[in-house]
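Scroll down for the structure; my scribbles are underneath it.
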Amino acid sequence: TQPAEYGGRLSSVLDVRMLDGNDKLFGVEGGIGVISSRLKIDGPIVKEKGSFTISGRRTYADLFLKLSNDSVIRSTKLYFYDLNAKANYRINDKNRIFLSGYFGKDVLGFGSTFGIDWGNATGTLRWNHLFGSKLFSNTSVIFSNYNYNIHLSGTSKIKIISRIQDWNAKMDFQYFANSKNRLKFGFNSIYHKIIPGAVTLESSTTKLSDKYSSENAVYISNEYKSNTDFSIEYGLRVSFFSVLGPGNFYNYNKDGSVKDTLKYSTSKIIKTYYYLEPRLGINYVYSENTSIKAAYARNVQNMHLLSNSTSGNPTDSWIPTSNIVKSEIADQISLGYYRNFKENKYQFSTEVYYKGLQNQIDYKDGAQITLNENAEADLLYGIGRAYGVEFCLRKKVSKLTGWIGYTLSRTEKKIENIN
């Protein structure tokens, strides 16, 4: 289950941590592949006080296209790249600062007639502080920017853009009360700016209204480990989402026509939603080789994807919770069984889960969701559920290792006026 410090999404969370780099010696490593290559450089900024690391990779399938005799194919772009960078400096025994960034982009272009690129850029400044032997904190300021660009050149030149920009500030504390209890608590505040889309045709630009919102949360959790075979992690996350001005906000009639328009000034709070998100995870070691786990979590999501197809693509539209669109809510329970055998050479696990979903979003037949100021009028709402069972068998020791897994799952939605 997700610990209480994570939230904002109904599905899984990836906790990715970058290496700090070597604070004693410079080093370089890399690799050359068939379609991509990578390179990493790290070393000290100040010996034994600070270090840096820079790593990146790029595909180069587009370079082979330049071997073609066709001029259009030679000018085709087809690649992606990502770049990671991190620096850290130890001020003293109790204070340390970190600066990190990620930049990635996918590019696809066919000559000068068509081009699309999408990617992410994010930067983080973090301050780690030790209050004592039992309490420490991490204070972070984060900026992220997701964007895509499309351009078409024919009889007319067309350019389409969309952006999601976030400013995120958070403080996380950990307190080691004793050998059995570890307490976590903190808060998180995100300012969202969504640029739904703008179309430039020759020199004329049509732009949808930018959308602003504030997403905040406080949390507390405790991890208890007994001296025997039992551990439990329990916590509560309290989240609140505010829809902000400036902009026009609409109410709609049943047929989708605009009933009335409300105009709000900058930073005006239009509506605020509050949620309690309890979390619980239990682990019981039944014997030396056998354990059982159970978990429950409630999660809330305020960023909603409007897709034209069953598979995601960079032109999908993202909209925030608004005065019309409600937050999506998921309640998930799971139960797992884990066993090692043959002197821990093999590990078998199975887990069943059930997730109930509220305020699921779909849209009417023939709905226009791209570059539509009143896309909310074409949305429908309902409930959903997902459940299933997973099996996994691993061989962990000897010359031949590996794993095999099988999952049987089902996802259903019941949307008003559809089914």
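The values are calculated or read from the model by the stated rules, or taken from the named source; none is laboratory data. Since we're looking at a predicted model, the values are computed, not measured. All Cβ positions, even for glycine, are placed from backbone atoms using ideal geometry, and neighbour counts span all protein chains on display. Side chains included, ligands, DNA and RNA excluded: accessible areas come from the protein's heavy atoms. Shrake-Rupley method; radii C 1.70, N 1.55, O 1.52, S 1.80 Å.
Return the single residue from Ser214, Ser291, Ser162 with maximal mean-square fluctuation; model: Gaussian network over the chain, springs between Cα atoms under 10 Å.
Ser291
Please enumerate, by chain and number, the lysines with C-alpha under 22 Å from the C-alpha of Lys271, excluding those fewer than 8 residues away in the same chain.
Lys271 reaches Lys193, Lys211, Lys254, Lys259, Lys263, Lys326.
Would you mind working out the accessible area per residue for the chain, using a 1.4 Å probe, and quoting it in Å²?
59 Å²
Stokes-Einstein at 37 °C, 0.692 mPa s, Kirkwood radius from Cα pairs: D for the stretch 92-244 in µm² s⁻¹?
The diffusion coefficient I find is 171 µm²/s.
Regarding the chain, what is the average projected area of its C-alpha convex hull, in nm²?
27.1 nm²
Rounded to a whole number, what % of the accessible area of the stretch 1-53 do carbon and sulfur atoms account for, probe 1.4 Å?
60 percent
How many percent of all Cα-Cα pairs in the stretch 239-298 sit more than 20 Å apart?
Result for the distance tail: 60 percent.
Compute the distribution of all C-alpha to C-alpha distances in the stretch 364-419, in bins of 10 Å from 0, and list the percent of pairs in each, rounded to whole numbers.
18, 24, 20, 16, 14, 8, 0
For the chain, what does -39500 (n - 2.57) per DSSP helix run (n ≥ 4), summed and divided by total residues, give at 222 nm, in deg cm²/dmol to the nearest 500?
-500 deg cm²/dmol
Based on the alpha-carbon set only, what is the convex hull volume of the stretch 210-279 divided per residue, in Å³?
Roughly 122 Å³ of hull volume per residue.
Quick one: the Cα spread of the stretch 106-166 along its three principal axes, in angstroms, biggest first?
Projected onto its principal axes, the Cα set of the stretch 106-166 covers 68, 16, 11 Å.
Can you spot the aspartates and glutamates whose alpha carbon is less than 19 Å from Lys86's alpha carbon? Ignore those fewer than 8 places along the same chain.
Once the sequence-local aspartates and glutamates are set aside, what remains near Lys86 is Asp15, Asp20, Asp23, Glu29, Asp42, Glu48.
Of the listed pairs Lys24/Lys170; Lys49/Lys180; Lys180/Lys355; Lys157/Lys207, which have alpha-carbon separations greater than 21 Å here?
Over 21 Å apart, Cα to Cα: Lys24/Lys170; Lys49/Lys180; Lys180/Lys355.
Round to a whole number: what % of the accessible area of the stretch 163-203 belongs to carbon and sulfur, probe 1.4 Å?
Here carbon and sulfur together make up 58 percent of the probe-accessible area.
Relative to the compact globular guide of 2.2 N^0.38 Å, what is the alpha carbon radius of gyration of the stretch 231-356, as a ratio?
Compactness ratio reported: 1.61.
Carbon-plus-sulfur fraction of the accessible area of the stretch 260-419, 1.4 Å probe, in percent?
Carbon with sulfur: 54 percent of the solvent-accessible area.
Starting from the Kirkwood Rh over alpha-carbon pairs, what translational D in µm² s⁻¹ does the stretch 160-255 have by Stokes-Einstein at 20 °C and 1.002 mPa s?
Estimated diffusion coefficient is 123 µm²/s.
Ignoring ligands and nucleic acids, what accessible area does Trp167 show with a 1.4 Å probe (Å², nearest 10)?
About 140 Å², rounded to the nearest 10.
Between rounded, prolate and oblate, where does the stretch 9-146 land on the alpha carbon gyration tensor, with a ≥ b ≥ c its root eigenvalues, rounded for a/c under 1.5, else prolate if a/b exceeds b/c?
Prolate, because a/c is 1.5 or more and a/b exceeds b/c.
Over 18 Å, how big is the tail of the calculated P(r) for the stretch 77-178, in percent of all Cα pairs?
Tail of the P(r) past 18 Å holds 63 percent of the pairs.
Kirkwood Rh and Cα-based Rg: tell me the resulting Rg over Rh for the stretch 183-228, rounded to two decimals.
1.47
Can you pull out the chymotrypsin sites (Phe, Trp or Tyr not before Pro) in the stretch 1-64 that DSSP calls coil and that have at most 15 other Cβ atoms within 10 Å?
Passing both the DSSP loop test and the Cβ count: Phe26, Tyr60.
Going Cα to Cα from Lys395, which lysines come in below 23 Å? Please leave out same-chain ones fewer than 8 positions away.
Lys293, Lys342, Lys345
What value does the stretch 264-419 have for Rg/Rh, both radii from Cα atoms and Rh as Kirkwood defines it?
Ratio of gyration radius to Kirkwood radius for the stretch 264-419: 1.12.
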